[in-house]
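Below is one structure; the comments refer to it alone.
The values are calculated or read from the model by the stated rules, or taken from the named source; none is laboratory data. This one's a predicted model, so the numbers in the text were calculated from it and none came from an experiment. Using ideal geometry, Cβ is built from the backbone for each residue, glycine included, and neighbour counts are taken over all protein chains shown.
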Amino acid sequence: MAMSLPMSSEATPGHFRFIGLRRLAKLLFGTPLNAALTLLFGALLVVTVPPMLRWLVIDAVLFDPDPNACRAATGACWSFIYAKSGQLLFGIYPFDERWRPAIVCLLILALLGWSVRPASWTSRLLALWVAAFALIFWLMGGGFGLAEVPTSSWGGLPVTLILTVVAIGIAFPVGILLALARRSTLPAVRVGAVVLIESVRGLPLLSILFVASIMMPLFLPEALLPDKFVRALVALTIFAAAYLAEVIRGGLQAIPNGQYEAAAALGLPFWHTQRLVILPQAIRVVIPALANTIIVMIKNTSLVLVIGLFDLISSGKAALADPEWPSPAAETFLFIGAIFFALSFSFARFADFLERRGPAAH
Amino acid sequence: MLSDAKTRSIIIQGMLVTAVIAFAALLVSTTFANLKARGIPIGFDFLTMPSRIIISEAILTYKSRDPYFWAIVVGLANTVFISALVIFFSSVLGLVVGITRLSSNPLAAGTCRVWVEIARNSPPIVLLIFLYSLWWKVLPPVGEALNPLPGVYASMRGFVVPAISIDIGMTGALIILFALTLAALGYGLARSGRLPPLVVPAILAAGVVGLWLADIRFAVDFPVFTGSNFRGGSELTPELSTILVGLTIYTTGFVAEIVRGGVLSVGRGQWDAGHSLGLSRGKILRLVVIPQMLRVIVPPLNSQYINVVKNSTLAIAVGYPDFLAVMNTIISKSSHSIEGVFIILGAYLALNLTLSSAANWYNRRIAIVER
């Protein structure tokens, strides 16, 4: 949870700055408590960091393509990650077609990078994303001149990225509708929204994914049943929408009644009032909470492995099954963890930036 | 007619209700048709039949000839057990880490910040799988088990800790449930104050007698290393240890941030005001600062605790039989999927509602009383 609370005016901890040696010594050993903390944490680091470094870098095999080099070494086996990077990143996608998911990943990352600039927040951006996703699904799925690849063969990083972006992208408008429905004056609409939001929020995502993957074939007629990828996407979207709805509802509650009255005095109808007056203000209030929810969703995408979708973790597990190599599981999961960390850490910094920019900016 | 607000609201709601009912009818009719086509009966009578499923480890005693409902209870007990331990350890550690992050010592604050950032930005399931893969790499064989605390050993085969053995059978558990209900009833009646004075002690006594009848054997047993193995103590398998350690590391990051925010929310002026009243530091902390901090941290802590219950389902990633994993096995074994889904939904909703009503009760108690 990002805290929007005022920091104390003292030295803010954790931010490394250039400070004089004397100042540093005073910070580390100035008071008995600080001296004790320094000794305790110093000892902790001395015990843990050197063996970690030895394993990670010094004794590690970096690029040697021979699996036996890894068997002989006592350190990490990064050459496995290097040799298997294609399989780790793209899973079971057909080997000759791997350039397609590679382009898809670059495209999504480039678009994300483009979208963080406040200057590019126009209605054109939305059109750009929609167009990009038409292209992405064509590249991934094939047809119109490309070899067809069913979703069951999609894998690795593109699956993770597509699931995250599409689930959040669809869940956001759905969440706004749910939040408005929950504050509606029509009792049937309100009750429906409350039941949906609260039951989704009361359940672990894993159980919702299980229902979507295992139970849905029982509930729906054959003709209406989407494939496994879409079912997971639907489950993720519903889950994200329920959480986003609650965050947005918090923002709606922060808007004073005068705003509604002013809009009514201008003669604006309901949807105009919401779109032009209420929502822009409400969403700006809750940007930090929205960012946290989105980070949780980025991390949640990793759960689809449990229902057998081929995301990053599953492709890591599949790569580890190769008997030629000594199965360096810790390295593989460290690599996958680093990808997720990079995604959500950079989003967290983006959220910090939005928060610092303050609600006054448009 | 459409411009009339009242008519319009009736039309909109009518359309919504019709759509929901139509969709529900579609779901129910296809489900029944599908079940009939596959020859699966519907009903909860399967619960009393012997389950014959295997639960690899359990807190309560379980044999595969026990009925389905007992297997469900055993799975639920595993989930409650993991959640309770993780909530306890991450609260204690989160308090320490959160306060240390505010320290002026850059080494201490920086280390704690690294912990918080890693916990908050990695998916818990990746953390669990990673830790599980480390288990055999980092920890020594049993013969050279690490002994970080008296009575606690860590080796490839998992943790060995002092055993607190609570031996409860199936009947015992039912009696405890009954006794707890009685006790809660007694407490509620006592607070309402509409009772002759003797009734409350009588109900409480009945509860105590119930607990005694349940024949709970309670003992603490320290493990002793015998050179090749451990005698006594209780062994936590690598799976269980990974979940406990992993979820605790993960949740601690979030609790620490909440604690840090809580401490920062109490202004320096409150300390000054306490000093000017002549209160000692301890008294200021206890009477002024902590009560105000609790008000800020209890609601977000509550949602973290609920998240712990939900995250305990990730146990499935390392193969520990939590409630969801057991239910999954039961559903595939008995084919009673509809009933299974309802039990899953009911159990998690009940667990989370219990947690949040406890937190709400506590929150009301510490809230500002405005007159």
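Note down all Cβ pairs under 8 Å where the first residue falls in the stretch B:19-35 and is assigned by TED's automatic domain parsing to the domain that holds B:Ile338, the second is part of a helix (DSSP H, G or I) and surrounded by 10 or more Cβ atoms within 10 Å (Cβ to Cβ), and they're at least six residues apart or on different chains.
That search, which allows pairs on different chains as well, returns nothing.
Restricting to the stretch A:219-232, name every residue that is facing chain B (nearest Cβ under 10 Å), within 27 Å of A:Val194 (Cβ to Cβ) and either assigned to a helix (DSSP H, G or I) or not aliphatic (A, V, I, L, M) (or both).
A:Phe219, A:Leu224
For the stretch B:308-318, does any single residue satisfy the condition of being surrounded by fewer than 22 Cβ atoms within 10 Å (Cβ to Cβ), at pLDDT below 90 and closer than 15 Å to B:Thr79 by Cα?
Within the stretch B:308-318 (the criterion being surrounded by fewer than 22 Cβ atoms within 10 Å (Cβ to Cβ), at pLDDT below 90 and closer than 15 Å to B:Thr79 by Cα), the answer is yes, since at least one residue qualifies.
State yes or no: is B:Leu177 at pLDDT below 75, in a helix (DSSP H, G or I) and under 25 Å from the mean Cα position of the chain (by Cα)? Give the steps one after another, and end with the answer.
On the way: at pLDDT below 75: yes; in a helix (DSSP H, G or I): yes; under 25 Å from the mean Cα position of the chain (by Cα): yes.
Here the answer is yes, as B:Leu177 does meet what is asked.
I'm checking my understanding of the structure. Among residues of the stretch A:200-216 that are at the interface with chain B (Cβ under 7 Å from one of its Cβ atoms) and free of Cβ contacts under 8 Å to residues at least 24 places away in the same chain, which one is nearest to B:Thr354 (Cα to Cα)?
A:Gly202
Would you confirm, using the coordinates I've provided, whether A:Pro101 is more than 14 Å from every other protein chain (Cβ to nearest Cβ) and more than 32 Å from the chain's Cα centre (by Cα)?
Working: more than 14 Å from every other protein chain (Cβ to nearest Cβ): yes; more than 32 Å from the chain's Cα centre (by Cα): no.
Spelling it out, it is not the case that A:Pro101 is more than 14 Å from every other protein chain (Cβ to nearest Cβ) and more than 32 Å from the chain's Cα centre (by Cα).
May I ask you to list the residues in the stretch B:330-367 that are away from every other protein chain (no Cβ under 12 Å) and not aromatic (Phe, Trp, Tyr)?
Applying the first criterion (away from every other protein chain (no Cβ under 12 Å)) to the stretch B:330-367 yields B:330, B:333-334, B:357-367.
Selection gives B:Ile330, B:Lys333, B:Ser334, B:Ser357, B:Ala358, B:Ala359, B:Asn360, B:Asn363, B:Arg364, B:Arg365, B:Ile366, B:Ala367.
Only one of B:Ile87, B:Ile82 is crowded, with 19+ Cβ neighbours inside 10 Å, away from chain A (no Cβ under 14 Å) and at pLDDT 85 or above. Can you tell me which?
Values: B:Ile82 fails: away from chain A (no Cβ under 14 Å).
It is B:Ile87.
If you go through the stretch A:118-135 one residue at a time, do you hit one that is touching a Ser or Thr at 6+ places or on another chain (Cβ under 7 Å) and more than 15 Å from A:Leu343 (Cβ to Cβ)? Steps first, please.
As a first pass, look at the stretch A:118-135 and keep what is touching a Ser or Thr at 6+ places or on another chain (Cβ under 7 Å): A:125.
Imposing the further condition that a residue be more than 15 Å from A:Leu343 (Cβ to Cβ) reduces the set to A:125.
Yes - at least one qualifying residue is present in the stretch A:118-135.
A quick yes/no check of all residues on (1) among the aliphatic types (A, V, I, L, M); (2) farther than 30 Å from A:Ile294 by Cβ; (3) surrounded by 14 or more Cβ atoms within 10 Å (Cβ to Cβ); (4) at pLDDT 60 or above:
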residue: A:Met7; (1), (2), (3), (4): yes, no, no, no
residue: A:Thr12; (1), (2), (3), (4): no, no, no, no
residue: A:Leu33; (1), (2), (3), (4): yes, yes, no, yes
residue: A:Thr48; (1), (2), (3), (4): no, yes, no, yes
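Step by step: first the residues of the stretch B:19-44, then only those that are among the β-branched types (Val, Ile, Thr), at the interface with chain A (Cβ under 10 Å from one of its Cβ atoms) and assigned to a helix (DSSP H, G or I), then the one that is nearest to B:Ile338 (Cα to Cα). Which residue is that?
If we filter the stretch B:19-44 for residues that are among the β-branched types (Val, Ile, Thr), which is where we start, we get B:20-21, B:28, B:30-31, B:40, B:42.
Checking which are at the interface with chain A (Cβ under 10 Å from one of its Cβ atoms) leaves us with B:20, B:28, B:30-31, B:40.
After this cut, where a residue has to be assigned to a helix (DSSP H, G or I) as well, the list is B:20, B:28, B:30-31.
Details: B:Val20: 19, B:Val28: 10, B:Thr30: 12, B:Thr31: 9 Å.
For the stretch B:19-44, the residue satisfying everything is B:Thr31.
Among the residues of the stretch B:45-60, count how many are part of a loop (DSSP other than H, G, I, E, B) and out of contact with any strand residue (DSSP E or B) (no Cβ under 8 Å at 6 or more places or on another chain). First the steps, then the outcome.
First pass over the stretch B:45-60, keeping only residues part of a loop (DSSP other than H, G, I, E, B): B:49, B:51-60.
Now narrow it down to the ones that are out of contact with any strand residue (DSSP E or B) (no Cβ under 8 Å at 6 or more places or on another chain): B:52-60.
Adding up the residues that qualify gives 9.
So which pairs qualify, if the first residue must be in the stretch A:154-181 and over 22 Å from A:Pro101 (Cα atoms), the second must be in a helix (DSSP H, G or I) and charged (D, E, K, R), the Cβ gap must be under 7 Å, and the two must be at least 6 apart or on different chains?
A:Ala179/A:Arg249; A:Ala181/A:Arg190
Please name all residue pairs, on different chains or six or more residues apart, with Cβ atoms under 6 Å, provided the first residue is in the stretch A:99-124 and is under 24 Å from A:Met140 (Cα atoms) and the second residue is polar (S, T, N, Q).
Note: pairs meeting the criteria are A:Trp114/A:Ser120.
Looking at the structure I just gave you, is A:Ser79 among the hydroxyl-bearing types (Ser, Thr, Tyr) and buried (at least 19 other Cβ atoms within 10 Å of the Cβ)?
Working: among the hydroxyl-bearing types (Ser, Thr, Tyr): yes; buried (at least 19 other Cβ atoms within 10 Å of the Cβ): yes.
It is true that A:Ser79 is among the hydroxyl-bearing types (Ser, Thr, Tyr) and buried (at least 19 other Cβ atoms within 10 Å of the Cβ).
From A:Ala254, A:Ala235, which residue is more than 11 Å from chain B (Cβ to nearest Cβ), within 26 Å of the chain's Cα centre (by Cα) and free of Cβ contacts under 8 Å to residues at least 40 places away in the same chain?
Numbers: A:Ala254 fails: within 26 Å of the chain's Cα centre (by Cα).
Going through A:Ala254, A:Ala235 in turn, just one is more than 11 Å from chain B (Cβ to nearest Cβ), within 26 Å of the chain's Cα centre (by Cα) and free of Cβ contacts under 8 Å to residues at least 40 places away in the same chain: A:Ala235.
When you go through (1) at pLDDT below 85; (2) surrounded by fewer than 17 Cβ atoms within 10 Å (Cβ to Cβ); (3) of a type outside the set (Phe, Trp, Tyr) one by one for A:Val285, which number turns out not to apply?
Only one criterion in (1) at pLDDT below 85; (2) surrounded by fewer than 17 Cβ atoms within 10 Å (Cβ to Cβ); (3) of a type outside the set (Phe, Trp, Tyr) is unmet by A:Val285, namely (2).
Return a yes/no flag: does the stretch A:338-355 have any residue that is touching a Ser or Thr at 6+ places or on another chain (Cβ under 9 Å), facing another protein chain (nearest Cβ under 8 Å) and in contact (Cβ under 8 Å) with a residue 12 or more places away in the chain.
Yes, the stretch A:338-355 contains a residue that is touching a Ser or Thr at 6+ places or on another chain (Cβ under 9 Å), facing another protein chain (nearest Cβ under 8 Å) and in contact (Cβ under 8 Å) with a residue 12 or more places away in the chain.
Somewhere in the stretch A:342-360, is a residue closer than 24 Å to B:Ala317 by Cα and surrounded by fewer than 17 Cβ atoms within 10 Å (Cβ to Cβ)? Before you say what the answer is, go through the steps one by one.
Narrowing the stretch A:342-360 to residues closer than 24 Å to B:Ala317 by Cα: A:342-345.
Right, trim to surrounded by fewer than 17 Cβ atoms within 10 Å (Cβ to Cβ) and you get A:342.
The answer is yes, given that some residue of the stretch A:342-360 is closer than 24 Å to B:Ala317 by Cα and surrounded by fewer than 17 Cβ atoms within 10 Å (Cβ to Cβ).
So, of the residues in the stretch B:301-328 that are away from chain A (no Cβ under 11 Å) and touching a Gly at 6+ places or on another chain (Cβ under 9 Å), which turns out to be farthest from B:Val341 (Cα to Cα)? Spell out how you get there, then give the answer.
Just the residues of the stretch B:301-328 that are away from chain A (no Cβ under 11 Å), to begin with: B:302, B:305, B:318-321, B:326.
So of that shortlist, the ones also touching a Gly at 6+ places or on another chain (Cβ under 9 Å) come out as B:318, B:321, B:326.
Values: B:Val318: 22, B:Pro321: 17, B:Val326: 12 Å.
Of everything passing the filter in the stretch B:301-328, B:Val318 is farthest from B:Val341 (Cα to Cα).
Take the stretch A:272-331 and flag every residue that is within 12 Å of another protein chain (Cβ to nearest Cβ) and over 19 Å from the mean Cα position of the chain (by Cα).
A:Lys317, A:Leu320, A:Pro326, A:Ser327, A:Pro328, A:Ala329, A:Ala330, A:Glu331
Identify all residues within the stretch A:240-267 that are under 26 Å from A:Ser199 (Cβ atoms) and among the small types (Gly, Ala, Ser); write none if there are none. Before the answer, list the steps.
The initial filter retains those residues of the stretch A:240-267 that are under 26 Å from A:Ser199 (Cβ atoms), namely A:240-254.
Passing the criteria: A:Ala240, A:Ala241, A:Ala242, A:Ala245, A:Gly250, A:Gly251, A:Ala254.
Suppose we filter the stretch B:250-300 for residues that are within 11 Å of chain A (Cβ to nearest Cβ) and more than 30 Å from the chain's Cα centre (by Cα); how many remain?
So the answer is 2.
Go through the residues of the stretch A:101-115 one by one and say whether even a single one is in a helix (DSSP H, G or I) and under 22 Å from A:Asp322 (Cβ atoms).
Looking only at the stretch A:101-115, we keep the residues that are in a helix (DSSP H, G or I), and these are A:101-115.
Applying the additional criterion that residues be under 22 Å from A:Asp322 (Cβ atoms) yields A:101-102.
Within the stretch A:101-115 (the criterion being in a helix (DSSP H, G or I) and under 22 Å from A:Asp322 (Cβ atoms)), the answer is yes, since at least one residue qualifies.
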